[in-house]
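Written out below as structure tokens is the structure these notes cover.
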Amino acid sequence: MSIISSPDRLADTSVPISDVIAGRWSPRSFDPDAVFEEEALVAALEAARWAPSASNTQPWRFIVGRRGSDTFQRIADALVPFNAAWAASAHALVVNIAETETDEGTPLPWAVYDLGQAAATFNLQAHKSGLHTHPVGGFDVDAIREAFALEQRFVPVTVTAVGVLGSPDALENEMLRSRETAPRQRKGLSEIVVIDD
Ligand SMILES: Cc1cc2nc3c(=O)[nH]c(=O)nc-3n(C[C@H](O)[C@H](O)[C@H](O)COP(=O)(O)O)c2cc1C
């Protein structure tokens, strides 16, 4: 397994950055038949566990469903149809949940920020292990709440599809196939950074 899936997916950066960060991208084609290293999934979860958080509160929870399981199906059923169409081939679907207040009712105001850091760390560790990840916000939050009997203080924020990269040709939809190979774009640094000179 290589860290960088294909050179044309590499981020075009103004200065060199880590290969893992430059090579990470969010595909929609996952190979359902590829050998999947379970240890790589555990490593990604372990990496998420070690993300920083406000006062080290670690206000994140993850529900992991592996394809074929009831948990996977319940998560897949909550995805909007656009996402469900391609995410069904992923090896696992992970619900990323923010704990917005403690069980004693104390607010955890940075919970979503902290969860985002954990999810990003998850993505990068997965990529380093040769997997690909695709976060999605297109899902029915209430359906996930109901499917897993979540207390109100737990907020499902995203679902991450995890798997082994598949061929764009495996996607039935032409629009999705073309997105798989379209140039990756970002705003320029000058658009998003104010820096002293
Ligand atoms: C919070 C969040 C929600 C997203 N929701 C969706 C989604 O519902 N469906 C989808 O196909 N991609 C979704 N994406 C993926 C983004 O479109 C993708 O990360 C972005 O276009 C940048 O591409 P890259 O990850 O390949 O660099 C989401 C990403 C994030 C971080």
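What follows is calculated from the coordinates using simple rules that are stated; it is not laboratory data. Predicted, not measured: the structure shown is a model, and the values here were computed from it. Ideal geometry is used to build each Cβ from the backbone, glycine not excepted, and the neighbour counts take in all protein chains shown.
For region 138-190 versus region 74-117, the inter-centroid distance based on Cα atoms is 11 Å.
The Cα atoms of region 7-166 define a convex hull whose projected area, averaged across directions, is 10.1 nm².
Taking GluC sites (Glu not before Pro) in DSSP loop states with no more than 11 other Cβ atoms inside 10 Å as exposed sites, the chain has its longest site-free stretch at 1-103. Remark: the ALA84-THR57 segment gains 6.5 nm on full extension, using 0.36 nm per residue and subtracting the alpha carbon distance. About its Cα centre, the dipole of region 7-166 is roughly 260 debye, where the only charges are +1 on Lys and Arg Cβ and -1 on Asp and Glu Cβ.
Charge tally around PHE148: other residues with Cβ under 13 Å, Lys/Arg +1 each, Asp/Glu -1 each, net -3. When the Cα positions of ALA88, ILE63, VAL159 are compared along the charge dipole of the chain, ALA88 comes out farthest toward the positive end, with charges on each C-beta of Lys, Arg, Asp and Glu.
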